[in-house]
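Novice: Shown below is the structure under consideration.
What follows draws every value from the coordinates through simple rules; no lab data is involved. All values reported here derive from a predicted model rather than from experimental measurement. Note that we place each Cβ from the backbone using ideal geometry, even for glycine, and neighbour counts take in every protein chain shown.
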Amino acid sequence: MTKTERPIAKPSDLKVSFEFFPPKSPDMAEQLWQTVEALQPYQPDFVSVTYGAGGTTREPTLATVKRLIADTPLATASHLTCVGASREEVRAVVEEFQAAGVRHFVALRGDPQGGVGTRYAPHPGGFVNAADLVAGLRDMGDFEISVSAYPERHPESESEAVDLDMLKQKVDAGATRALTQFFFDNDVYERYMDRVRAAGISIPIVPGIMPIQNLTQLKRFASMCGASVPAFIDARFEGTENDPQARAAIAADIAAEQIADLSRRGVEEFHIYTMNRAPLTIATLERLGVSAKAQTLSGAAA
Ligand code: FAD
């Protein structure tokens, strides 16, 4: 990334991907599919579906991924975790997803089975970490493999160097893209990118963008995953506690401004955590001049 500020990329040059999670109830399923329908015309580069640690959402993830592949033109990636599973179990899951048409995995270790903050122990017969899982996937097929990256360091890693070393191991094992944990301070990302490139890692490190649906919940989640919520975020929302419309507009402004600023710094790809809701993602994209494309009957954008 160059330090020289560039103009914001043309809307048509901005690449976005959308992250969904598998629904846990019929109501949540309805919301997800309405969201998919609303976001599809924005032509994401790909969409991804999260996967519960220890296989807890294998069925719902598989069902969601299958329907995305069968009913939409969207390139669909499945997340995959290896915590709490033997190599054979993970391989069987990969084969199932492969049979469903999945060619892109977001390969993750997963949180410790005792929950965030407890000690991680690999399954005795399992992949030891995400790098080992990436190597296993490489052996299993010609997959596109994305992995995680942590601009503010993963809470378990003892130092930035150890954290970066894990990313390097994943890239050396065959990962071709990293999607970052969400962050709000673009300087943090830029400093991280300096370290990433200095370590000889050249794959795209795609910023994870979290439009703020609910600030209180976001802060709770951020504190668990080691992401910080800078003071300027509180300041922007101040005085809007009882005005959901104003809060939604501010949230879209913040996400769009973050993307525009990263774009000026040379970033062209963005991974948006949709939380299975369309309006805030759409408001963010529209602020950037990215608009919905008309759809033909076959589902392909005209
Ligand atoms: P790794 O890349 O293996 O490790 C992350 C960091 O933790 C490393 O840099 C390393 O420094 C440190 N570390 C790892 N193991 C150890 C250890 N034993 N001792 C000390 N330090 C260690 N979770 C899900 O359950 N399902 C999902 O679908 C999912 N999707 C995600 C998508 C993205 C883009 C991101 C950023 C995270 C996602 N997660 C998901 C969360 C992820 O599973 C957790 O953050 C988990 O704790 C680490 O998994 P990882 O693959 O990032 O780990």
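Novice: For the chain, what is the mean residue ellipticity at 222 nm derived from helices alone (per DSSP H run of n ≥ 4: -39500 (n - 2.57); sum divided by total residues; nearest 500 deg cm²/dmol)?
Specialist: -13000 deg cm²/dmol
Novice: Is the shape of the stretch 196-245 rounded, prolate or oblate, going by the alpha carbon gyration tensor and its root eigenvalues a ≥ b ≥ c, with a/c under 1.5 for rounded and a/b larger than b/c for prolate?
Specialist: Because a/c hits 1.5 or more and a/b exceeds b/c, the stretch 196-245 counts as prolate.
Novice: What's the long-distance tail for the stretch 1-142, i.e. % of Cα pairs beyond 22 Å?
Specialist: Numbers: 4606 of 10011 pairs.
The calculated P(r) of the stretch 1-142 puts 46 percent of pairs beyond 22 Å.
Novice: When only DSSP loop residues count, what trypsin sites (Lys or Arg not before Pro) in the stretch 103-136 have their Cβ near at most 11 other Cβ atoms within 10 Å? Numbers along the way, then the final one.
Specialist: Values: sites: R103, R109, R119; in loops: R103, R109, R119.
Counting only loop positions with at most 11 other Cβ atoms within 10 Å, the trypsin sites (Lys or Arg not before Pro) in the stretch 103-136 are R119.
Novice: Next question. Over the Cα atoms of the stretch 183-302, Rg to Rh with Kirkwood Rh, two decimal places?
Specialist: 1.01
Novice: If contacts are Cα pairs under 8 angstrom and at least 6 residues apart, what is the relative contact order of the stretch 24-151 in percent? Walk me through the intermediate numbers first.
Specialist: On the way: 177 pairs, mean separation 29.6, N = 128.
It comes to 23 percent, rounded to a whole number.
Novice: If you don't mind, another one. Please tell me which of these pairs span more than 23 angstrom C-alpha to C-alpha: K66/K170; K10/K293; K66/K168? Don't skip to the answer; put the middle values down first.
Specialist: Numbers: K66/K170 27 Å; K10/K293 16 Å; K66/K168 32 Å.
Check vs 23 Å cut-off fails for K66/K170; K66/K168.
Novice: Looking at the square roots a ≥ b ≥ c of the eigenvalues of the Cα gyration tensor of the stretch 55-115, which shape do they give, rounded for a/c under 1.5, prolate if a/b is larger than b/c, or oblate?
Specialist: It is prolate, given that a/c is not under 1.5 and a/b is the larger ratio.
Novice: Counting other C-beta atoms within 10 Å, which of H104, H271 has the fewest, and how do the rest follow? Write out the running numbers ahead of the final one.
Specialist: Working: H104 18, H271 26.
Starting with the residue having the fewest Cβ neighbours, the order is H104, H271.
Novice: Explain nothing, just compute: Karplus ³J(HN,Hα) = 6.51 cos²θ - 1.76 cosθ + 1.60, θ = phi - 60°, for every residue of the stretch 123-129 in order, whole Hz, x for Gly and Pro.
Specialist: 4, x, x, x, 5, 6, 7
Novice: Counting other beta carbons within 10 Å of each Cβ, put T118, T176, T61, T35 in order, fewest first. Provide the component values of the computation, followed by the final result.
Specialist: Working: T118 10, T176 14, T61 23, T35 20.
Ascending number of Cβ neighbours within 10 Å: T118, T176, T35, T61.
Novice: Additional query: May I ask for the equivalent-ellipsoid semi-axes of the stretch 11-287, computed as the square root of five times each C-alpha gyration tensor eigenvalue and listed largest first in whole Å?
Specialist: 28, 23, 18
Novice: Decide, for the stretch 120-167, between rounded, prolate and oblate: order the square roots of the alpha carbon gyration tensor eigenvalues as a ≥ b ≥ c, take rounded if a/c falls under 1.5, and otherwise choose prolate if a/b is larger than b/c, else oblate.
Specialist: Because a/c hits 1.5 or more and a/b fails to exceed b/c, the stretch 120-167 counts as oblate.
Novice: Cut-off under 18 Å on the C-alpha distance; same-chain residues fewer than 8 positions from K15 excluded. Which aspartates and glutamates are left, in chain and number order?
Specialist: Hits, sequence-local ones excluded: D45, E144, E257, D261, E268, E269, E286.
Novice: Turning to a different aspect of this structure: Taking the Cβ of each residue in S48, S263, S291, S78 as the centre, tally the other Cβ atoms inside 10 Å and list the residues starting with the fewest.
Specialist: Values: S48 24, S263 20, S291 11, S78 29.
Ascending Cβ contact count within 10 Å gives the list S291, S263, S48, S78.
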